[in-house]
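The values are calculated or read from the model by the stated rules, or taken from the named source; none is laboratory data. This structure is a prediction, so every number in the text was calculated from the model and none was measured. Cβ atoms come from the backbone with ideal geometry, glycine included; neighbour counts cover every protein chain shown. Heavy atoms of the whole protein, side chains included, go into the accessibility calculation; ligands, DNA and RNA do not. Shrake-Rupley method; radii C 1.70, N 1.55, O 1.52, S 1.80 Å.
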Amino acid sequence: MKQQLIFTNDVGGALDRLVAELRPSSVYVVADSNTARLVVPRLASASEAVAGAKTVEVAAGDTNKNLESLAALWSFFNTSGATRSSLVINVGGGMVTDMGGFAAATFKRGMRFVNVPTTLLSAVDASVGGKTGINFNGCKNEVGVFAESEAAVISTVFFDTLSREEMLSGYAEMLKHGLLEDRRTFAGLLDYHPEADGDRLLDLLRASVGVKERIVSADLHEHGLRKALNLGHTAGHAFESFAMTVRQLPVPHGYAVAWGMVVELVLSKMLLGFPSDLLHSYAAYVRENYGVFDITCRDYPALLSAMSHDKKNDRSDRINFSLLADAGDVRGDSVVDSETIKAAFDIYCDLMGI
């Protein structure tokens, strides 16, 4: 993995050093309406590169991670004279780093870009690993490319702008990484709350990003090992798409992943003997902190349909999961039939008290 991972609370200084090293012809900042107001002015006061950059703002919210917003970024780059030697600095959550990275990677066949995650979710997940893209036709991350940023500058300095919901959304990905690592790491995360101790959170964040870094370095383009990082996402993306398109009440990505991991740990228990104590401990943590995504059997067909569009499927009639035999013991390419998934939904409902 060529991407530099820079852990520092001197974000402005780190950006200026990167720009001096990369020597771009021009610098662009991509931000959403929230980070343009709350974060970019703080960065501009600490970074000459950001202060002198051309800033383009997109509407906030994952529903705006779409073709229209992407075209607006391309148009801004085009009319303001961006070249292949320009540098894009994406300042924001996963929506900004996903779409800003995709815009940079495809404009003039590829500009360099740097990610500055401002949410816990983007710091631990979206800003690292080289996945970019947008939502399309109601499907999550349906169109995109693998393109690594030059660097991700990761800090906790902007987390003071986040709500409890946004912190918990990011923490779901950390819980996933804990499950992929080992029992001790996972248990430690269940004993911690992301709002409890900022200094400890930075240490946990560094360790969590390290799990993803090791996996991505071994399999950048998701041919094998990297599929482990999809734990919780097949069911989670289905919940997310269902909430957005059917109920028209979007849910945070991390919440959808938290609920999706309950479903997929149930499948892991059913098919691979995943330990019951870990399943029940995790389900209780999710119920207490994330609440419940309420579903009934009438919703199963729509959820299965959403799963069939998942990019991990090699055929539309086969639904592919990354499952666990135990914490740290991943079994990728686990193809599951629809009746078994429906049974897992039933158990999810029981575990979540629906």
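Side notes on the structure shown:
- Taking the square roots of 5 times each eigenvalue of the Cα gyration tensor of region 213-286, largest first, gives ellipsoid semi-axes of 22, 20, 10 Å.
- Averaged per residue, the chain has 40 square angstrom of accessible surface, using a 1.4 angstrom probe with ligands and nucleic acids left out.
- Stokes-Einstein D in µm²/s, Kirkwood radius over Cα pairs - the chain at 25 °C with 0.890 mPa s viscosity: 120
- Counting only the Cα atoms, region 242-354 fills a convex hull of 102 Å³ per residue.
- Part-to-part distance (alpha-carbon centres) for region 250-309 and region 79-108, which is given in Å: 34
- Over the chain, Cα pairs under 8 Å with separation of 6+ residues give a relative contact order of 14 percent.
- Per-atom-type breakdown for region 11-148 gives carbon and sulfur 51% of the accessible area (1.4 Å probe, protein chains only).
- Whole-Å semi-axes of the ellipsoid equivalent to region 150-279 (Cα gyration tensor, √5λ, descending): 22, 20, 17
- Peptides ranked, highest mean first, by Cβ atoms within 10 Å: ranges 293-305, 152-164, 60-72: 152-164, 60-72, 293-305
- Residue-averaged 222 nm ellipticity for the chain, from DSSP H runs of 4+ at -39500 (n - 2.57), nearest 500: -15500 deg cm²/dmol
- Sequence-separation-based contact order of region 37-169, relative, with Cα cut under 8 Å and 6+ spacing, percent: 21
- Percentage, to the nearest whole number, of Cα pairs in region 115-182 over 19 Å apart: 44
- Taking all Cα pairs closer than 8 Å and separated by 6 or more residues, the relative contact order of region 129-186 comes to 19 percent.
- Cα-based shape type of region 74-160, given that a ≥ b ≥ c are square roots of the gyration tensor eigenvalues and the cut on a/c is 1.5: oblate
- When each of LYS2/LYS227; LYS212/LYS342; LYS176/LYS227 is checked by Cα-Cα distance, pairs over 23 Å: LYS212/LYS342
- Solvent-accessible area, 1.4 Å probe, carbon plus sulfur percent, for region 174-217: 45
- According to the calculation over all Cα-Cα pairs in region 1-153, the P(r) per 5 Å bin from zero is 2, 11, 22, 26, 23, 12, 4, 1, 0 %.
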